[in-house]
Amino acid sequence: IQLHDPKNLNKQGYFYKRLVFDEILSNFLISSSIRRSVKKFKKNKKSFSLDPFNYIKKKINFELTSDQIKAINEIDNDLKSEHKMFRLLQGDVGSGKTIVSFLAAGNVINSKYQVVMMAPTEILAKQHYNFAKKIFKFKKINVEFLTGKTKNIDKKRINKDLLDGKIDFLIGTHAVFQKNIKFKNLGLGI
């Protein structure tokens with residue numbers, strides 16, 4: 001009741017701290033439950049060289065932080081294991097989540113699997129697509145873009161190319177996870 005009292009709007013009393021604790025605890029419990037159920041399923045281990053990692057590192061105009069390198073190493077270990085990965089990569093805007101994701105994607109594609117990345121908005125998806133096209137133009141990695149606004153003729157082509165394995169990396173909005181979107185050999189969802 002104190003939390004909803006307008007007099008306490010700018011106060012951060014114990015009731016506010018309790019609400020924050022409850023939110024963090026519930027997220028932790030749900031994530032732990034999902035992680036346990038996902039880890040029960042086996043997957044094919046991925047094997048890859050560090051060629052994509054080293055190439056991308058040379059193409060970007062900044063040095064990776066120790067935390068970014070640590071994150072990519074942990075993701076690589078998950079990819080190389082026989083257990084499915086359930087990982088949440090958190091960070092502030094501009095902290096390097098996208099480059100870590102793209103480094104992981106490069107390793108998965110190097111293992112002859114496909115990768116899909118979903119962004120919450122079309123603008124962000126387009127930014128990711130443009131960045132991916134720029135850094136993945138080596139080794140003829142085919143990156144495609146799909147949203148709800150994509151023309152039907154292009155959607156049909158993309159669907160066919162996904163099933164034929166001609167698309168390595170699909171980036172888009174919620175449209176990438178529709179029932180009719182099928183992959184030949186999906187190895188990573190971001």
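The values are calculated or read from the model by the stated rules, or taken from the named source; none is laboratory data. If you're wondering where the values come from, they're calculated on a predicted model, not measured in any experiment. Cβ atoms come from the backbone with ideal geometry, glycine included; neighbour counts cover every protein chain shown. The area values use the complete protein model at the heavy-atom level, side chains included, leaving out ligands, DNA and RNA. Shrake-Rupley method; radii C 1.70, N 1.55, O 1.52, S 1.80 Å.
Summary of computed values
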quantity: For region 116-161: rounded, prolate or oblate by the Cα gyration tensor [a/c cutoff 1.5]; calculated: oblate
quantity: Portion, in percent, of the accessible area of region 57-184 that falls on carbon or sulfur, probe 1.4 Å; calculated: 52 percent
quantity: Accessible surface, region 86-188, averaged per residue in Å² (probe 1.4 Å); calculated: 56 Å²
quantity: Integer Hz, Karplus 6.51/-1.76/1.60 couplings in order for region 153-163, x for Gly and Pro; calculated: 5, 6, 4, 4, 4, 4, 4, 5, 5, 5, 5
quantity: Gained length - I123 relative to N77, 0.36 nm times residue gap less alpha-carbon distance; calculated: 13.4 nm
quantity: Cβ crowding within 10 Å averaged over residues, with 98-111, 71-84 ranked highest first; calculated: 98-111, 71-84
quantity: Under 5 Å, built H, 5+ apart or other chain: amide partners of I171; calculated: M117, E144, F145, L146
quantity: Percent antiparallel among DSSP beta bridges (both partners in region 59-190, rounded to 5); calculated: 0 percent
quantity: Tensor-based shape of region 66-145 (alpha-carbon gyration tensor, a/c under 1.5 rounded, otherwise prolate or oblate); calculated: oblate
quantity: Inverse mean reciprocal Cα-Cα distance (Kirkwood Rh) of region 114-190, Å; calculated: 12.3 Å
quantity: Hz values of 3J(HN,Hα) by residue in region 95-106 - Karplus curve (6.51, -1.76, 1.60), Gly and Pro given as x; calculated: 8, x, 4, 5, 5, 4, 4, 5, 5, 5, 4, x
quantity: Theoretical gain in end-to-end length, L163 to D67 [0.36 nm per residue, Cα-Cα removed]; calculated: 31.0 nm
quantity: Potential extension, N185-N27 segment - 0.36 nm per residue separation minus Cα distance; calculated: 53.8 nm
